[in-house]
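**Q** Have a look at this one.
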Amino acid sequence: MTRSIALMAGVAGVAGAAGLVTLVRPALARRALGLPEAEATLYALRIAGMMLFALGLFLGGFATVFTLATGGAW
């Protein structure tokens, strides 16, 4: 179970960071993904960034609660 919690925390960190960057700087993500410069692209990237950040918070919260519930013995 320890590897899965460590993996969950790692995925949470990566998803949260990617989501935060996409949410705050959608132009940077648009250029990196090679998407056209349009208003709809901006909205879609902000929504995707919000969803990735929420995924990071969700997974990170589960990993934290599991670690606290088991007394940190992982």
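The values are calculated or read from the model by the stated rules, or taken from the named source; none is laboratory data. For clarity, every value in this text was computed on a predicted model and none was experimentally measured. What goes into the accessible areas is simple: the full protein's heavy atoms, side chains included, and nothing from ligands, DNA or RNA. Shrake-Rupley method; radii C 1.70, N 1.55, O 1.52, S 1.80 Å.
**Q** Carbon and sulfur atoms: what percent of the 1.4 Å accessible area of segment 1-66 do they account for?
**A** That share works out to 75 percent.
**Q** Okay, next question. Using the heavy atoms of the protein chains and a 1.4 angstrom probe, tell me the accessible area per residue for segment 1-70 in square angstrom.
**A** 68
**Q** Could you give the DSSP H helices of the chain that reach 27 angstrom or more along their long axis (alpha carbon positions) and whose average Kyte-Doolittle hydropathy is no lower than 1.0?
**A** Qualifying helices: 2-24, 39-69.
**Q** Same structure, new question: For Cα pairs less than 8 Å apart in space and 6+ apart in sequence, what is the mean separation divided by the residue count of segment 1-70, i.e. the relative contact order in percent?
**A** For segment 1-70, the relative contact order is 46 percent.
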